[in-house]
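A short worksheet on the structure shown next.
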Amino acid sequence: MSSLPTPRTTTGHLQLTGLEKVFATKKGSFRALDRIDLDIAPGEFITLLGPSGCGKTTTLRIIAGFETPTGGDVVLDGDSIVTVTPEKRPMAMVFQSYALFPHMSVWDNVAYGLKLKKLPAADLKEQVESALTSMGLTQMKDRAPSQMSGGQQQRVALARAMVMRPKVLLFDEPLSNLDAKLRVAMRSEIRRLQKRLGITAVYVTHDQDEAMSMSDRIVVMNEGKVEQAASPAEVYRHPASVFVADFIGRANFLKVAQARPEGEGSARVAVLGAEVTTPAAPGATAGPCVLLVRPESVRLAPTDRAAIGGRVGRILSTVFFGESVEYVVESAEGNITAVEADPEVDKILEPGQMVEIGFGHERSWLLPAGGKEAYQD
Ligand SMILES: Nc1ncnc2c1ncn2[C@@H]1O[C@H](COP(=O)(O)OP(=O)(O)OP(=O)(O)O)[C@@H](O)[C@H]1O
Ligand SMILES: [Mg+2]
């Protein structure tokens, strides 16, 4: 058994308030972060997710102190730390590129930070050994990084970060260089360690599976702004915007001919030639809106009807994946994607087949239209 430090869940409260970053560029200036507000609880695992260039790394670098914000504040456990230099911040960062010292052994890589801290030799040995044990690296402690696989090197980088007992762990796409299977295994390993140690974690990725499977909360960013910060279930089921709905998971956006509020958080809408009641985002019915229907909520039933219209559509394509079958259906309201899990092979529908399109209303979600690509074709 390893002797890892006991969970520390009362420190590591990280607050970003009105964070702004404007970079000077040749053409003038570029606003990379536009008033980011985030309150991250001690021990929370938070993921910054968003398209390339949305400001994830910039946010992380400001938290770590490698970059100075042009506005706003970074507060750790009640104190502003924006003027504190990176090495004085109780944080550790794990990079995509591992960033190990190539000429040092595994042991020396992990011990490096503690040596700088001038820790007594016995304590240093104990803590390094404990970190190596917890990452399953004891057998490899004398190897050089070049003698290890990518996954093993990333374990060393993790051990090196953990051994410093930071209040906050920062990750910038740490698993992107690993193959798919290893990535999945490392996800749960990181998550398990982080929870056991009770360290606050800010994790950057543009892999939504990673974000969904690891996070207490996902922060979806777009063009330097936070679109939504909520649990994985919440961002998937109740996205705050069309952008979030489109970015997380797959989405059909059905045109809504008519919508009217029906009590709190609910609306009556006319779609696909029928009226249904659906959960609705706040303010969704105030203006133009669209209905989010996830592909796995769509149900298709063969019909004899010959013309497309209302609920009736025609299968355009069928792709069999083994564990699921995916259809694209032409409807009067654009193409609709449907996914059926665990399909019966002899009941798979062929392209050209006319179908009635249904969906689970209780799992649809009415959203204000707006943003790009509000509708499919
Ligand atoms: N030093 C800099 N000078 C000018 N612009 C910068 C600088 N650093 C970053 N940017 C710009 O700020 C924006 C945000 O960059 P950032 O690296 O935070 O994106 P990201 O979300 O991490 O993207 P990716 O997923 O590609 O890593 C980008 O448009 C980038 O070009
Ligand atoms: Mg980045």
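Every number here is computed from the coordinates shown, using simple stated rules; none is lab data. Because the structure is predicted, anything quoted here is derived from the model rather than measured. Don't worry about glycine lacking a Cβ; one is built from the backbone with ideal geometry, like all the others, and counts go over all protein chains shown.
Okay, here's what the table says:
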{"quantity": "Helical mean residue ellipticity (222 nm; -39500 (n - 2.57) per DSSP H run of 4+; nearest 500) of the chain", "calculated": "-6500 deg cm²/dmol"}
{"quantity": "Packing-based order for 113-120, 294-301, using average beta carbon neighbours within 10 Å, highest first", "calculated": "294-301, 113-120"}
{"quantity": "For the stretch 14-237: relative contact order, % (alpha-carbon pairs under 8 angstrom, 6 or more apart)", "calculated": "30"}
{"quantity": "Label-reachable residues, the stretch 26-58, where backbone N falls under 15 Å from a point 7 Å from Asp77's Cα toward its Cβ", "calculated": "41-44"}
{"quantity": "Note, ³J(HN,Hα) from phi for the stretch 275-281, Karplus 6.51, -1.76, 1.60, rounded to Hz, x at Gly and Pro", "calculated": "9, 9, 9, 9, x, 9, 5"}
{"quantity": "Dipole moment magnitude, nearest 20 debye, the stretch 14-237 about Cα centre, only Lys, Arg, Asp, Glu C-beta charged", "calculated": "460"}
{"quantity": "The chain - percent relative contact order, Cα under 8 Å, separation 6 or more", "calculated": "16"}
{"quantity": "Estimated dipole of the stretch 41-118 in Debye, rounded to 20 [Cβ of Lys and Arg +1, of Asp and Glu -1, Cα centre]", "calculated": "260"}
{"quantity": "Calculated FRET value between Ala332 and Arg35, using beta carbons and R₀ = 45 Å, to 0.05", "calculated": "0.60"}
{"quantity": "Coil-residue GluC sites (Glu not before Pro) of the stretch 330-366, DSSP, other Cβ within 10 Å capped at 12", "calculated": "Glu344"}
{"quantity": "Rounded to 5, the percent of DSSP beta bridges in the chain classed as antiparallel", "calculated": "75"}
{"quantity": "Alpha-carbon centroid distance for the pair the stretch 263-329 / the stretch 147-204, whole angstrom", "calculated": "40"}
